[in-house]
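Inspection log for the structure reproduced underneath, given as structure tokens.
The values are calculated or read from the model by the stated rules, or taken from the named source; none is laboratory data. Keep in mind the model is a prediction, meaning the values are calculated, not measured. Cβ sites come from the backbone with ideal geometry, for glycine too, and all protein chains shown count toward neighbours. To get the accessible areas, we keep the full protein, side chains included, count just its heavy atoms, and leave off ligands, DNA and RNA. Shrake-Rupley method; radii C 1.70, N 1.55, O 1.52, S 1.80 Å.
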Amino acid sequence: MAHIISIVSSNGGAGKTTVALNLAVALTEGQEPALLIDLDPLGAIGFSLARGATKWPGLAEYLMDLAAIDDVLMPTKLGHLTLLPRGRLDPLDVGLYEQFIHGDGILQQILGAVEDRYRYIVIDTPSGLGQITRAALAASTHTLLPLQAEPLALRTISQTLRVIQHVRDQENPGLQLLGILANMVQLKQDVSFTIMNTVWSTLSGVLETYMPRSDIFAQASEKGLPVAFLSGKYSAEAIRFESLATEIKSIIHNLGGVAGEFNDRPQRALV
């Protein structure tokens, strides 16, 4: 059974899609199969990969009975990573799309059809705590909260935590919080440094790994690539996502999940 991780933020601009994309890549680099789902009606993953809104069929076609789920699962050149794009969705139909996703058991049905093929399923949700985000939380085993190192994000994190607790109490008792990921951190700037001091001293569940604000993310977005795929020297930011993947695997293991390879490792000889 897959570990289903929803990336959730109550605020726009928190770097949620960047985290979802690069985390999925980092999890897959360990040779474990992963699926990245673009649940955002805006198709944020597709845009992050420099593809137009109508480039790939995906969830929209499946929901409209225009394609089977296997027809909209898109292999990538990474081998172990598969994408489930949003699909070709007219902006005028976003409301209908939200109703479909929030429909009783729809997302669980989609995940149930594919989860035995993957170790990890990463879901990029839309910003905010609306119907789609709630549906994703109700269908997930875990959730990760990117927290932008800015005052507004810190003030509103309690709203996200309250929704997660409500979903856990009322809809999905198996939902577990992986942690809060400090994102866009600038420790050399007074405001960001102060925010991080507050985050580290007052919030529980803050991950050891944090992501700095860096121009390399804009460069990767411009080229339509994960940061680990950029040419040149391997970036510190790509290494941070490897560290994040390792930390998340450790947390899942400590919570009682299987975070290693599908099969037990055989004994091996070095020499």
**Prompt:** Name the pairs whose Cβ atoms lie under 7 Å apart, with the first residue in the stretch 200-220 and of a type outside the set (Val, Ile, Thr), the second at pLDDT 90 or above and surrounded by fewer than 17 Cβ atoms within 10 Å (Cβ to Cβ), and 6 or more positions between them or separate chains?
**Reply:** Leu207/Glu247; Glu208/Glu247; Gln219/Leu230; Ala220/Leu230
**Asked** Any residue at all in the stretch 61-70 that is within 23 Å of Lys16 (Cα to Cα) and of a type in the set (A, V, I, L, M)?
**Response** no
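Would you be able to say whether some residue in the stretch 190-198 is assigned to a helix (DSSP H, G or I), at pLDDT 95 or above and of a type in the set (A, V, I, L, M, F, W, C)?
no
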**Complete:** Scanning the stretch 171-198 for residues that are open to solvent by 50 Å² or more (accessible area, probe 1.4 Å), closer than 30 Å to Ala139 by Cβ and touching a helix residue (DSSP H, G or I) at 6+ places or on another chain (Cβ under 8 Å) gives Glu171, Leu177
**Prompt:** List the pairs whose first member sits in the stretch 116-135 and is over 23 Å from Gln99 (Cβ atoms), whose second member is open to solvent by 40 Å² or more (accessible area, probe 1.4 Å), and whose Cβ atoms are under 8 Å apart, counting only residues at least 6 apart or on separate chains?
**Reply:** Asp116/Met1; Arg119/Phe262
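Scan the stretch 35-46 and give yes if some residue there is closer than 20 Å to Tyr97 by Cβ, part of a helix (DSSP H, G or I) and of a type outside the set (A, V, I, L, M), otherwise no.
The answer is yes, given that some residue of the stretch 35-46 is closer than 20 Å to Tyr97 by Cβ, part of a helix (DSSP H, G or I) and of a type outside the set (A, V, I, L, M).
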**Request:** Kindly indicate whether Ser201 is under 30 Å from Gln165 (Cβ atoms), open to solvent by 70 Å² or more (accessible area, probe 1.4 Å) and part of a helix (DSSP H, G or I).
**Result:** yes
**Complete:** Reported set for the stretch 204-216 where residues are within 19 Å of Ser235 (Cβ to Cβ) and either surrounded by 11 or more Cβ atoms within 10 Å (Cβ to Cβ) or not charged (D, E, K, R) (or both) is Thr209, Tyr210, Met211, Pro212, Arg213, Ser214, Ile216
**Request:** Among the candidates Ala26, Ala20, single out the residue that is outside any strand (DSSP E or B), open to solvent by 10 Å² or more (accessible area, probe 1.4 Å) and either closer than 23 Å to Phe229 by Cα or among the aliphatic types (A, V, I, L, M) (or both).
**Result:** Ala26
**Asked** Being of a type in the set (Lys, Arg) and at pLDDT 90 or above, is that true of even one residue in the stretch 263-271?
**Response** no
**Hits in the stretch 83-119 - residues which are under 23 Å from Thr160 (Cα atoms) and hydroxyl-bearing (Ser, Thr, Tyr)** = Tyr97
